[in-house]
Structures are given as C-alpha cells and as structure tokens.
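The values are calculated or read from the model by the stated rules, or taken from the named source; none is laboratory data. Nothing here was measured: the structure is a model prediction, and the numbers come from that model. Quick reminder, even Gly has a Cβ in these numbers, built from the backbone with ideal geometry, and neighbours come from all protein chains shown.
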C-alpha cells in the first residue's frame, strides 16, 4: 500500500479502478479473501500488538483511561476481530441478488439486481477494530474501501490494514482495494469529502465535530451515523412487570450507545402505580431521574405515604430532579433518564415526534389497537412493541455485522449492513426491441 | 390554500403536520382523493384554461414558440392530465408493502415495511402538467407535496393546485397536504432547500442553473434528475439489422430526452460493413455525425468505391464531421451522434466508464458472453442487451408514472416512481423481550 506517498485524490482514483474489478469478482473469491485476512491476523498478531503498543505509549500522556482501553488490543481481541471477519464471510453475498424482475408487456425482460456502490470511505475514531470490520463489510459487498482512522491509532490501523491488504492481494483482489489515508487530520477529511468522481459514499463514525466538518465540505454522499434520543412509552394497558424489565434494559444495559432509551413516557392512568415502582428500580440501578411535575408529585407522595401495591421505598439512593424543557431533547448517553406523564397515546406519539431523533421507539402495551396506532404514528427507523430499544443492531436484526446506524430516510434507514453498502442496476434484455 | 400569505417555513411546517395524518390514511381514501382530483379537473377545465390564457398572454412577448407550446393547455391536454391521475390511482399502494421480514432467533418478530417519506418538494419549470403529476405521485405514496413551479406558469399552476387541494379536502385529506409556493424566484428555492426539519426530499426538474443553485444551498436531501450521455455499442457478433433499428430508435425517436443515445461505438470487426450502412441511415434520418478517424476513413472510402453489401450512398444529405475529444462527453439532446470504432468490448466498456453519465447503455450482440461482460462491466442505472435505451422510463418499466430519473447511486437509481418516494421502517414485536 503506497498510502504514505500518495495524495488523497490518487488513492481514491486507485480505489475506483480496483472497484471496477471487484464488482465482477465471484463471491467465492471475496470469501476466500476474507478468510485470508482472518488467517493473516491470527498469524501476525505479534506485529499488530507491537504497533498497538506504540500507539498506547504515545497516548499514555494525554488519553483518558477509557480511551486507552478502547485503543488497546491483546491476543484475545485480535482473535475476536478475526472471528468477526469469518462471520462476515459466512453471510450471503448481497451482490447479484434479484431485487425485482418481470417480463414487460413489450417482451423486454427487466431485472433489478443489487450491485456494489463502488468505493466506500469510512472515517472513524479510536477503536482499531473498525479498520478490519470496515474492510470485511466493504469487500464482502464488492466495494473498495478507503479508511481514515484517528491519529491516536495510527500505528495499529496501519498494521491491520497492511496485513489485510497483503492477504487479499495473495488471493487475487486488485491492488488499491484497501487504502488507509495517512494521518493528515481534518484537512485530509475535507479533501476526501470532495472526491465525488471516485468516492461513492462516506460513512463517518465519530463525534459531532466530525459530522460538522463533513456537512461543511462534503460533495460526496454521506450517511451520518445516528444520534438516538429513544423513548419507552408505558401505555394504559401495559403489563408493568414487562414495562419495568424493558425500561431498565433499555436504559441501563449499555447506556452509552445510541439505542439506549433516554426518556420514559407513562400513561396517566398507570402513573400512580408505576411511577413509584419504576423510579425506585431505576434509582437502585444507579439512574438519575429528571422528572416532570406530575411524576415528581407522585414520587414525593410515595416516599411520604407508601404507594398502594408498589414496592415500598423511602427514596434512599434514588435521586429525582425536576426536568426542564431541554431534558426532552437530550441524548444523555449515561445513567440519566427523563420521565414524563402523558394523558394519552396521542400525546406520547406527539412528544416523540417533537423530541425524538427517529432512531428507536418502544411502546409497552397489551392493547392491539394501541400497538397499531404507535407503529403507524411514530416516524422512526425502528418501532418496538413490548421489546427493548436495545435490539436495534445489524447483528441482532440478522443482517450480520453493521457499519453504523442511519436515522436518515434516504437510501438506508436503521442498521447499515451489506445490502446498504450496495446500489441497484436495471438489466434489460430484448431481441431488437425499439420504442414505438 | 393560504399559500400567498404564508412564509416558506410556515408552508413546510403545515405540510409536515399534514404528512403525519397522510401517513396513516388508508389506500382507498388516497385513491378516492386522486379520483376527486381527476373529476374536478374535468369539471373545472374552463377555470384552468382561463388561467393558462393569462400565462400565455404574459409570455407572448418574451417566450419562444417552443416554450409557449409547452406552457399551453387545451381541453384535450387537461383531459390527458386527468387520465394520468386515474392511472396513478390504479397503481398498487406502495405504503405498507412488506420489504422483508423474519422471526429473530430471540423470538422478536421483525418486519421491514415501506412508509412515506413525509414531505416531498418538487421544483420544476414550464410545463403545468407537472403540477398535477407531482401531486398525484406524492399523495399516492402518502406524502405531502410542496410545489415550486416557474413564474411563466404561475396562474396555470395556481389554478391546478387550487382545484386539486379543494378536491382532496372534500375527501378528507388534511389541510396543507398540497402547497404551492408563491412566485418568489431563486431566493425562495434557496429557502425551501434549507427546510431540513420539515422537508424530506427535493426533486428538481429543470436545467443546470436550478441544480447549481440547489447544490449551493441545500441541506434537504436532493435527488437530481439525470443527464444522460447514453451509448449504443455494436458488438462483433451483432445482427446489423437489429443494430441499425436500435441505433436509429435510440438516437432519433425523441432526441431531446435523457434516454436518447449520444454516441455509437462499433467493434472494429464489423466497422467495414456497418459504418457505411449506419451513417447513411442516420444521415437520411437527419442526424449530423461526428466521427473518429477510423469511421471517417471508412465513410470516405464507401462514398468513393461503394461498400460491399452496404446500401449504396453517395453521401448526399449525409454530413460527417471529425469528432474531437469533447464530443465523447457531450449530451447533444438533438439530432447529432458521435461515432467511434473500438478494438474490443473491453475498450467499449472503458469508453462508457470514462465518458458515460451512468444513465442507460446498450449492447447489440448475439454472443451471451459479451452480453454478460457488458452487463457486469458497465456501471449505469440501466444496461440493455439488444434493446433501445429509449425504454428507460417509469411507465415503460411497469412502475406507473415517474417523477424523474436518477443517475445517483444512493436511494433511487433509475426511474423515480412511487416506491422511490417512500422510505422504510422496521417494526419489531416482542413479549417483554430484553437484550442480554
């Protein structure tokens, strides 16, 4: 990989050239290439760990312990990365899938088939495993891949992509199909974002600063990874045991990810019973509560008098604060949850329409009409009935791995898996047919 | 419609509100709304023609005869517009279609269903029939529609959209689901293009100036209507009678549209026979030819000596000029065709990859291996074997009407019909399922 001496434009042109060959390669060859990557990672793990060690040493002085942990590789983590590549290899090939087809009235046969996009660029931060995940998903879907990792993982990313590029070259994949941009910072990202003649899609995986930089400069299409202001709505007919399990899971199982719930909406008719129960449970799970007035009043009454049928709790260890307007719009990404009482399912749907980010929304209900109204009325990528929002994930959805999650409505909505890295092509076959 | 007194932002917010209701309306009600539009157009044709007359009078002094003809409505044209609405009503409802579905391993049921985008804006020039076409396609696909027509058709568009809005209101569609922006020019388009909180998609139907204006300012997603630099490649194994019919059809049946062919590529092995035949045929059809050196030499030899087996022609009425590099990249949109001899199918594919716009490309061949190589190797929305490029059209493809044609790779590639005006939503149903 001549990545260090090449310009961004040259790397992308090489990737485009490689993509033309890749688009025509049999699925078996692509799978062999992924298997070769996995084998090479296991065989050359010492090189990977040595490079990673250099990144860790360089980062020690200025990176937080959390960031260092995300950056750190060991034998087990490298083996897990290699296993993930084999899992992608085992997925069905999205390329060539017939999306629809018919014989037109005039006798021309029409087939709409899935084909690779061409060149996919992934811009990401910290975690070096994304280097290999992105390579595996891009190659499996027949795309060349241009990678731009973070400067803190520069040696790890270089070692990983080098090993992958050498492995796929031996299997016969074209030169240039895996490229890692040198560490040129934001300026280089802006340059990448302007390569619209060669790059077909950019997927940024990183913070708001990265998104803002791309929104400023991108002429290449970008699918922005989602932020998730997700809700759980506990309907009048909810099973409150189920509701509690779902709320606790959606909020606490992994609070730092985009499919974690941020706001709990409770139907007025169940609030007297459910507010004391769920606030106690959340509080005991370490969740700080930001409550509207009605919730606050019920909680205070419960502490004083002990609510009928709810687990007794004197509020010890449970922190409930008054919520402000800004709480409804916030993606906490930590152990904080906003709680609000609504008068009806319509008010719940309206609240979600106003404050939600269109990611993952859940209703807990035993009423089929309410379930139907919620699924129809909530405009989001994923709408759940009686299940946790935490399931929004390419792996959980049976799509294999994912490279991000989209809350956009165009092209890809929800997990971005192999199919979402493809486009389509109409193939038409006649026998001298002309239009009259 | 309070279109004149409202701001762009207010109109779009109203449309968004209407779209929430529209998304939940049954298909039968949407069809009734379209039928009401068709009936109202026929009943109120006098109003439409009166408004159109005002536009025609205002345009007489500065519009070309061709533009005036595009602007002109009469009883028959209005009846045709109404019939087209009924054809859209008769199409299957794209909303609610199950795209895929499965029971996940954990027992959660996953369904990916088609849902409306929300608010679709269409910016268009001249032809007032687009007003009704866009309304019909948007409503059928469950979207609210914001229209921005050209100033030359301001009265026609106002009358047509007013009649449609009144008709659908009687059937019970929500207020604001059809909106026409007042004639505020480019500034208004720029404002529309920034309404990303309310407008889900803009489809521009107009010239390069409009596209450039949107590329500058748009934060709303835009699907640009395609330009088409389309090719017909006559392979070594082609049936030359078929080839001639396809070339003449692709070039001359309607030269001003994007699926007309602009360049003819001929395999070297058939050039001696085919060049004199096709140049004579094109010339007699009124086509000016811009030829590469090899083609030019064969043509000159044919005029002098008379080619073996080709129709005799002395060149009278056939104009052949030397092509320059710029000819390969041009979309003539008139009776001009570039002609080039290639050494192989690979050279044809490479030429198309270099100069094509990814719209519609055709091979004429009797060799299955060549057909396969061309379909795999050409990166375009529509790839034809032994058929004219002129078939690229939503109606011809059996998609019903279309609102444009996309050469983008994301979201929609090829004709933009009802499905392309939709997005998808994952519906997930469990029974208290939480993620472990």
Point to revise | Looking only at the range A:230-245, and only at residues there that are buried (at least 20 other Cβ atoms within 10 Å of the Cβ) and farther than 14 Å from residue A:270 by Cβ, the one that is farthest from the other protein chains (Cβ to nearest Cβ) | key: A:231
Study note, to complete from the structure: Okay, strands (runs of 3 or more DSSP E) sitting entirely in the range B:54-141 with 3 or more residues that are surrounded by 22 or more Cβ atoms within 10 Å (Cβ to Cβ) and touching a helix residue (DSSP H, G or I) at 6+ places or on another chain (Cβ under 6 Å), I get B:119-124
Check your understanding: Is it true that residue B:249 is within 14 Å of another protein chain (Cβ to nearest Cβ) and touching a residue at least 60 places away in the same chain (Cβ under 8 Å)?
Key -> yes
Review point. Can you name every residue in the range B:19-59 that is within 27 Å of the chain's Cα centre (by Cα) and within 14 Å of chain A (Cβ to nearest Cβ)?
Key: B:19, B:22, B:23, B:27
Revision key, fill the gap. Subset of the range A:204-220, residues surrounded by fewer than 24 Cβ atoms within 10 Å (Cβ to Cβ) and either assigned by TED's automatic domain parsing to the domain that holds residue A:338 or touching a residue at least 24 places away in the same chain (Cβ under 8 Å) (or both), comes to A:205, A:206, A:207, A:210, A:213, A:214, A:216, A:217, A:218, A:219, A:220
Study note, to complete from the structure: Over the range A:401-422, the set of residues surrounded by fewer than 22 Cβ atoms within 10 Å (Cβ to Cβ) and more than 25 Å from residue A:232 (Cα to Cα) is A:401, A:410, A:411, A:419
Study note, to complete from the structure: Of the residues in the range B:253-267 that are in contact with a strand residue (DSSP E or B) (Cβ under 9 Å, 6 or more places away or on another chain) and not in a strand (DSSP E or B), the one that is surrounded by the most Cβ atoms within 10 Å (Cβ to Cβ) is B:260
**Study point:** Subset of the range B:193-224 that is more than 22 Å from residue B:179 (Cα to Cα) and touching a helix residue (DSSP H, G or I) at 6+ places or on another chain (Cβ under 9 Å) - its residue that is modelled with the lowest pLDDT
**Key:** B:216
